[in-house]
Amino acid sequence: MSSKEEGLQPHDLPLEFAAKTFNTAHPSFRFWMSNSFPGKVYTHSAIERLLFNFPDNIAWAPYRDLVLKTRARYLELGSLYLLDRMFPGIPRAYPNRLFDEIWRMSVFGYVKPHRFESRFKEAWREINEEIPASKEVFENRDWMNDWIGKLNASRPGTYFPGWVSMEDGAFLYWAVRVLKPKCIVQTGVCNGLSSAFMVMAMERNGGEGKLYAIDFPYIYDPEDPDLNLEAVYGVIIPEGKTSGWIVPESLRDRYEVIVGMAEEELPPLLRRLGRIDLFYHDSDHSYDHMTFEMEEARKHLGPGTAILCDDVAWNQSTWDFAKRHRYPAYNYRGAIGAVFL
Ligand SMILES: C[S@@+](CC[C@H](N)C(=O)[O-])C[C@H]1O[C@@H](n2cnc3c(N)ncnc32)[C@H](O)[C@@H]1O
């Protein structure tokens, strides 16, 4: 056995390693096990929508039955886009900008990744050309990649920066640009690349906009190098740094990090904030914990807002939550789940 193989690897965990929660790195894992179909837009049947999905935040109540009935038919046929073109003034069945954007890209309820191309191209142009702080974000990311490379070359097992891919980062940036939230709550930060994408989007949105993030960080300890490898499957922050360190000083007035467990810190944080506009989960991906976080966040999210969940294929909690409350939902690349309120 080589020294690399001596450390714990993600695929060493059993296929179902917590209640209703799967190890997606396991060779036997399949997306259908968590009812997670990449690209799928989860809506409910027309009857369910007519019965349960009345958007009560809109002032056009006298017309809503007629509009919803018409809308539901067209939604079913996948022709919302055409209808919007013909009657741009008609209010939406789901008054949610992010859902609308995603629905317009869907064909028979699926969105292919390439349909994001032009949106993400514009997002990258903005990030690189219009947000000066992005340079520092990517310098910090490169430094971290270097650091982790050296660590992995010198230690058994494999350590990870534990952050979103660049595609998922672009999705988060784009979602924040579309929704224009004033208040975002995040759980699970680690080095903070996902936070950086959302904070950069809020900076580009202008005006108010703040991200409140909760994280219980695992920081590398050179005195006890194997400690964190066992505890968090190698997801790590370098010594001397802490959660969200990647977010540059110039964006810090839009960013507050709370160090602690989401189980304890999330309810008081939400109570302090009152209403929030977007919730992003990337902490403990067990079915029960994700359900807890989504239900807590829901109490503080109004119509037109959204919940985004990272690593959504680990379990089916996002789709169960959406179904329980009759919200439409979407699976971005099998990586990020979105629920539209
Ligand atoms: C995958 S990382 C987050 C990565 C980050 N979203 C990004 O893409 O840049 C998960 C983080 O959540 C933290 N975490 C796990 N369970 C937690 C809990 N119950 N409460 C707070 N933080 C938790 C881990 O320590 C780690 O820092």
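Points to keep in mind about this one:
- Ranked order, Ser165, Ser194, Ser118 - accessible area, probe 1.4 Å, largest first: Ser118, Ser165, Ser194
- FRET E, pair Lys150, Met261, Förster distance 25 Å, beta-carbon r, rounded to 0.05: 0.25
- In segment 258-341, Cα pairs under 8 Å separated by at least six residues give a relative contact order of 28 percent.
- Only protein heavy atoms count here; under a 1.4 Å probe, Thr305 has an accessible surface of about 10 Å².
- In Å², nearest 10: area of Lys150 left accessible to a 1.4 Å probe: 140 Å²
- The gain in end-to-end length when the Asp224 to Ser118 segment is fully stretched comes to 33.5 nm, 0.36 nm per residue minus the alpha carbon separation.
- Segment 201-341, relative contact order in percent, only Cα pairs under 8 angstrom and at least six apart counted: 19 percent
- Spin-label zone in segment 236-279 - amide nitrogen under 14 Å from a point set 7 Å from the Cα of Phe17 along the C-beta vector: 236
- Spatial offset of segment 207-286 relative to segment 98-153 amounts to 20 Å, using the alpha carbon center of each.
- Reach of Lys121 by Cα under 29 Å, taken over lysines that are not fewer than 8 positions away in the same chain: Lys40, Lys112, Lys135, Lys180, Lys182, Lys210
- Look at the Cα gyration tensor of segment 197-324: its axes a ≥ b ≥ c give a/c of at least 1.5 with a/b at or below b/c, and that counts as oblate.
- When the GluC sites (Glu not before Pro) in segment 171-272 are filtered for DSSP coil states and for at most 11 other beta-carbon atoms within 10 Å of their beta-carbon, the remaining sites are Glu208, Glu223, Glu239.
- By accessible area with a 1.4 Å probe, ligands and nucleic acids excluded, highest first: order of Tyr110, Tyr212: Tyr110, Tyr212
- Charge sum, other residues only, whose C-beta stays under 10 Å from Gly39's C-beta, Lys/Arg counted +1 and Asp/Glu -1: +4
- Label-point gap, in nm, between Asp288 and Lys210 - each point 7 angstrom along Cα→Cβ: 3.4 nm
- Model label zone, Phe31; criterion: amide N under 19 Å from point 7 Å along Cα-to-beta-carbon; scope segment 150-189: 165-172
- Each label was represented as a point 7 Å from its Cα along the Cα-to-Cβ direction; for Arg125 and Arg275 these points are 3.4 nm apart.
- Ordering Tyr332, Tyr42 by accessible surface, largest first, gives Tyr42, Tyr332; the 1.4 Å probe counts only protein heavy atoms, with every chain in place.
- The portion of the accessible surface of segment 164-219 made up by carbon and sulfur, rounded to a whole percent, is 50 (1.4 Å probe; DNA, RNA and ligands excluded).
The values are calculated or read from the model by the stated rules, or taken from the named source; none is laboratory data. What you are looking at is a predicted structure, and each value in this text was computed from that prediction instead of being measured. Glycine gets a Cβ as well: all are built from the backbone with ideal geometry, and neighbour counts include every protein chain shown. All accessible areas refer to the heavy atoms of the entire protein, side chains included, with ligands and DNA or RNA removed. Shrake-Rupley method; radii C 1.70, N 1.55, O 1.52, S 1.80 Å.
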